[in-house]
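Visitor: Below you will find the structure I want to go over with you.
Coordinate-derived values only; no laboratory data. Note that the coordinates shown come from a computational prediction; the quantities given were computed from them, not determined experimentally. Positions of Cβ are generated from backbone atoms using ideal geometry, with glycine treated the same way; all protein chains shown enter the neighbour counts.
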Amino acid sequence: MASRRAPPSGFPDATRVLMLPTTVLADNRLLAALPRKDRQRFLAGCEPVELIFAEVLSIPGERIRQVYFPTGSIIALTTSMDERASLGVELIGNEGMLGISLILGMNDSPLHAVVQGAGPALCMGRASFCRELELSPALQAALKRYLYVAMAQLAQTVACTRFHVVVARLARWLLMTQDRGQSYKFHLTHEFLANMLGVRRVGVTKAATLLQSHKLISYRRGEIKILDRAGLELVSCGCYETGKASYAQAME
């Protein structure tokens, strides 16, 4: 195992984590893991769609009409205290789906879902999805495991928000975004990141400036490029590694 690097000067300590896989995953990993017959039947009922940045896909309390399986897009789940304060609690990329509460028989959305990364996804109506659940025990098993992971990651995010500094949380969110978007470049405004992290915009600006000053990222007019992923991992809190480990343990 390679020796652990010290974090850049001025940052809190953090734990090394696995590097981003070099293979780009074109499909949704939940669906790709299904037996061939189940996967083919499920895909036949899906519609490919292009999700748009900042597009709202669900609102708390509203009936779920469609489920989404990102294949190259990213969906952020947020919870709000009022019209001005919100907090990002989970990111969904090609490792997951939006609409998981349907497997519990709950038809209403518990969280606000907004597109953080534009790109393709597979979409299916609620009725068709529930029918597929009845037909495929393998799909039920995979989604129950994914629900377990989602619950664990949500709890981790709550603890992270309470105990970790903004710069470490920002580094974690950027790493999670890169993992799900499979790209070193993406579009995220300060305002959007402030809403995701539950902090004032000035807090995001200071954290992003610090990351940029150490040449870990470049940031210009909402366009972010990760320059040093290993360094960013060192700045991030241990919640990033914990989240990856929980998914691997339950799903892989």
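Visitor: Between Gly125, Gly117, Gly93, where does the largest GNM mean-square fluctuation fall for the chain, given springs only between Cα atoms within less than 10 Å?
Guide: Gly125
Visitor: Moving to a separate point now. Applying 1/(1 + (r/R0)^6) with R0 = 35 Å to the Cβ-Cβ distance of Asn107 and Gln40, what FRET efficiency is obtained, to the nearest 0.05?
Guide: 0.85
Visitor: For a bin width of 10 Å, list the pair-distance distribution of segment 165-236 built from all Cα-Cα distances, rounded to whole %.
Guide: 22, 63, 15
Visitor: Rounded to a whole number of µm²/s, how large is the Stokes-Einstein D of segment 41-185 at 20 °C and 1.002 mPa s, given Rh as the Kirkwood radius over C-alpha pairs?
Guide: It diffuses with D of about 135 µm²/s by this estimate.
Visitor: Ranked highest first by the average count of other Cβ atoms within 10 Å around their residues, in what order do 145-154, 237-246 fall?
Guide: 237-246, 145-154
Visitor: Using a Gaussian network model on the chain with a 10 Å cutoff between Cα atoms, which of Lys37, Lys206, Lys225 fluctuates the most?
Guide: Largest GNM mean-square fluctuation: Lys37.
Visitor: Rounded to the nearest 5, what % of the DSSP beta bridges within segment 29-156 are antiparallel ones?
Guide: Taking every DSSP beta bridge within segment 29-156, about 100 percent pair in antiparallel fashion.
Visitor: Mind putting a number on the dipole of the chain about its Cα centre? Charges go on the C-beta only, +1 for Lys and Arg and -1 for Asp and Glu, and I need it in Debye to the nearest 20.
Guide: That gives the chain a dipole magnitude of about 520 debye.
Visitor: Projected area of segment 66-124, taken from the Cα convex hull and averaged over every viewing direction, in nm²?
Guide: 4.3 nm²
Visitor: Given labels modelled 7 Å from the Cα in the Cβ direction, how far is it in nm from Ala245 to Asp27?
Guide: Label-label distance for Ala245 and Asp27, simple model: 3.0 nm.
Visitor: Measuring from centroid to centroid over Cα atoms, what is the spacing of segment 143-171 and segment 42-58 in Å?
Guide: 24 Å
Visitor: Okay, next question. At what distance in nm do the modelled label points of Ser80 and Ser128 sit from each other, each positioned 7 Å from its Cα along Cα→Cβ?
Guide: With each label point 7 Å from Cα toward Cβ, the separation is 3.0 nm.
Visitor: Relative to the first principal axis of the alpha-carbon coordinates of the chain, what is the inclination of helix 239-251, with its axis defined by its Cα atoms, in degrees from 0 to 90 and to the nearest 10?
Guide: Approximately 30 degrees, to the nearest 10.
Visitor: I'd like the orientation of helix 201-213 relative to the chain: the angle between its Cα long axis and the longest Cα principal axis, in ° from 0 to 90, rounded to 10.
Guide: Roughly 70 degrees between the two axes.
Visitor: I would also like to ask the following. Given the options Arg200, Arg180, Arg131, which has the most mean-square fluctuation in a GNM of the chain, springs set between C-alpha atoms less than 10 angstrom apart?
Guide: Most flexible of the set in this elastic network: Arg131.
Visitor: Taking only the alpha-carbon positions of the chain and ignoring solvent, what does the Debye formula give for the base-10 log of I(q)/I(0) at q = 0.09 Å⁻¹?
Guide: Taking Cα atoms of the chain as identical point scatterers yields -0.39.
Visitor: Still on this structure, please answer the following. Give the Debye-formula value of log10 I(q)/I(0) at each listed q (0.28, 0.30 Å⁻¹), with one equal scatterer per alpha carbon of segment 130-172, two decimals each.
Guide: Here log10 of I(q) over I(0) equals -0.91, -0.96.
Visitor: I'd like to know which of Ser136, Gly181, Leu227 lies farthest towards the positive end of the charge dipole of the chain, counting +1 on Cβ of Lys and Arg and -1 on Cβ of Asp and Glu.
Guide: Leu227
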